[in-house]
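Since every read-out is calculated from the coordinates, none of them should be taken as a lab result. As the structure is a prediction and not an experimental result, all values here were calculated from the model. Heads up, the Cβs are rebuilt from the backbone with ideal geometry, glycines too, and the neighbour counts pull from every protein chain shown.
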Amino acid sequence: MKPLVFTLCLLPLAWLGWAGMNDGLGANPIEFLIRTLGDWALRMLLVALAVTPMRQLTGWGWIGRLRRMLGLFAFAYALLHVAAWIGVDQFLDWGTIGREIAKRRYILVGMSAFVILIALASTSTNGMIRRLGGRRWRLLHKSVYAAGILASLHYLMMVKVDIRPPLGHIVILALLLGWRVIKALPAPTPSGRR
Amino acid sequence: MLIRRSSDIREFEVTDHGLYLGRRKLLALGAAALAAAVASKAAAAPLTGVIEGPFGTSEPLTSKIAATHYNNFTELGFHKDDPAENADRFPPLRPWTVEIGGECAKPGRIGIEDLIRPHALEERIYRMRCVETWSMVVPWIGVPLGDALRQFEPTSRAKFVEFTSVHAPNILPGQKTDLLPWPYVEALRIDEAMHPLTLLAVGLYGEDLPVQNGAPLRLVVPWKYGFKGAKSIVRIRFTETRPHTTWNDLQPDEYGFYANVNPAVDHVRWSQANERRIGEFRRRPTLPFNGYADQVAGLYAGQDLRRDF
Ligand code: HEM
């Protein structure tokens, strides 16, 4: 199962590469590249966040083993998204890059999401889990919820008028996080008292 | 004005009915006519008798495919490729008439042919800079707006000119949403409207204006951000006070009324200091007034363009 999902996760990147070589990225290929990578970073993050609810709903334990890989794919697409912005769009113009991060709230919000993803990706090895200890590791990795919220907000803030696509992502995120909230509520006792 | 608005809608429904009849006729003429119609959609009719206009730039033209497939025309959708994709929802509507009103001696309704024909069609190769920091070099065909407007004899009270775009929510997919308040309205100060650079365009790349570029009649104001260029114009009105305009009303801190291209005044969410010329890899510096400062900077003498952005 894992190799299949791994291949599926690579398809958007492969398609981008193929389209890039065949003049298929449209009139403004750099903008298209950045946006597509951003879209897939957010989508991968939502898919990773869907693993736990899916496992609980279906009882399929094996889904849980995909979670780390999906999270790392979210990070990989985010890394390429940011690298494309820095390297290809701003062309390593560090002065402008610094000013843009400081001045543009949507960039700052995206940056915050990205910093969280860096922390999570770099502590996702078995060695790091051991070193941090399960409790602290789990606590740290709860910040993926914040990354999801910040990334969706980043998307919402960059849109000009048509906020329907970012809102769609926000609704999905709300369902995924809402599920966890409901699960965390204490179950009512039969007599109705706690 | 409200009364006029409702009569406008009726007028459009009539046109739409004509369109429907047109389709029936097409069907009656059979497959050959259909094939011809499809072919004519692929290759628009070339415009004849076009002379070379002034102010042209010698910079390389943006490819026709990019200029006709990377568009902001929200009536036809909110993504860059939507207008080209949805172009067939808005077939060339004839007769196309423009209602002229407000502070002028000769208001009335005029057909597009009568509006344009008295003047020589000029090709003007202009830089076009979008507020979203991309730019193109585009060969427009049209007549100077000032020449077209003078025949209506604007009075001394005409301080602004307002342009209203087509309103047809029954066929235009963008207008089925309320993401923007329809119809789209733009406006210029009268001296901007009368400036020889300002063009009333009916063509592009030697042919009729494609639907996705604002057919059949649009405004081109090369020293301003692209959103000032109202598309598919159905009404022109001379006013004494500054008209409300769509983007400025919607987000006044992001889209100014003047919207002169200005590298020194950032958009709220991005810098305007540079731009990506479509077809080029590296960004290039943006020029004040999009490189037309020699022609138009004088219009704004004494005005603080950081405030009046
Ligand atoms: C330093 C961090 C980041 C920077 C500088 C950044 C930069 C950008 C920029 C410049 C755009 C707009 C592109 C345009 O206007 O054409 C954008 C859009 C976007 N970004 Fe980011 N981003 C960052 C982090 C992230 C992260 C972590 C995610 C998701 C996990 C993300 C997801 C998105 C999405 C979904 C879009 C919208 C794409 C669309 O329009 O379809 N970004 N980002």
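Overview of results
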{"item": "Order of B:Glu192, B:Glu59 under a 10 Å beta carbon neighbour criterion, fewest first", "result": "B:Glu59, B:Glu192"}
{"item": "Within chain A, helix-based [θ] at 222 nm, where runs of 4 or more DSSP H residues each add -39,500 (n - 2.57), nearest 500", "result": "-25000 deg cm²/dmol"}
{"item": "Shielding by other protein chains, B:61-73, mean Cβ within 10 Å", "result": "1"}
{"item": "Kirkwood-based Rg to Rh ratio, the protein assembly as shown, C-alpha trace", "result": "1.04"}
{"item": "D (Stokes-Einstein, µm²/s), Kirkwood Cα radius, the stretch A:17-104, 1.002 mPa s at 20 °C", "result": "144"}
{"item": "Under 13 Å, Cβ to Cβ, from B:Arg189 - net charge with Lys/Arg +1 and Asp/Glu -1", "result": "-2"}
{"item": "Computed label-point distance, nm, for sites A:Ser122 and A:Leu177 using a 7 Å Cα→Cβ extension", "result": "2.5"}
{"item": "Hydrodynamic radius by Kirkwood, which averages 1/r over all alpha carbon pairs of chain B, in angstrom", "result": "20.0"}
{"item": "Residues A:Lys183, B:Lys224, B:Lys64, sorted so that the one with the fewest Cβ neighbours within 10 Å comes first", "result": "A:Lys183, B:Lys64, B:Lys224"}
{"item": "Under 28 Å from A:Lys142, Cα to Cα: lysines that are on another chain or at least 8 residues apart", "result": "A:Lys2, A:Lys183"}
{"item": "Average beta carbon contacts from partner chains per residue of B:265-277, 10 Å cutoff", "result": "3"}
{"item": "Against the rule of thumb 2.2 N^0.38 Å, how large the Cα Rg of the stretch A:1-152 comes out", "result": "1.13"}
{"item": "Per-residue Cβ neighbour rank within 10 angstrom, fewest leading, B:Arg117, B:Arg283, A:Arg68", "result": "B:Arg117, A:Arg68, B:Arg283"}
{"item": "P(r) histogram, all alpha-carbon pairs of the stretch B:185-309 included - 10 Å bins from 0, percent", "result": "11, 40, 38, 10, 0"}
{"item": "Net charge over other residues, Cβ less than 10 angstrom from the Cβ of B:Leu299 (K, R count +1; D, E count -1)", "result": "-1"}
{"item": "Other protein chain Cβ atoms within 10 Å, averaged over every residue that makes up A:160-166", "result": "5"}
{"item": "Relative packing of peptides A:72-79, B:267-274 - highest average C-beta neighbours within 10 Å first", "result": "A:72-79, B:267-274"}
{"item": "Value of [θ]222 nm, deg cm²/dmol, for chain B, DSSP H segments ≥ 4, -39500 (n - 2.57) each, nearest 500", "result": "-6000 deg cm²/dmol"}
{"item": "FRET E, pair B:Ala264, B:Thr57, Förster distance 22 Å, beta-carbon r, rounded to 0.05", "result": "0.50"}
{"item": "The protein assembly as shown: antiparallel DSSP beta bridges as a percent of all, rounded to 5", "result": "85"}
{"item": "Lysine-lysine proximity count for the stretch B:6-296, Cα under 18 Å, sequence distance 8 or more or distinct chains", "result": "9"}
{"item": "Residue-span extension gain [B:Thr177 to B:Thr155] - 0.36 nm each, minus C-alpha spacing", "result": "4.2 nm"}
{"item": "Charge sum, other residues only, whose C-beta stays under 15 Å from B:Gly206's C-beta, Lys/Arg counted +1 and Asp/Glu -1", "result": "-3"}
{"item": "Mean separation of Cα contacts under 8 Å (6+ apart) over length of the stretch B:6-296, as relative contact order %", "result": "20"}
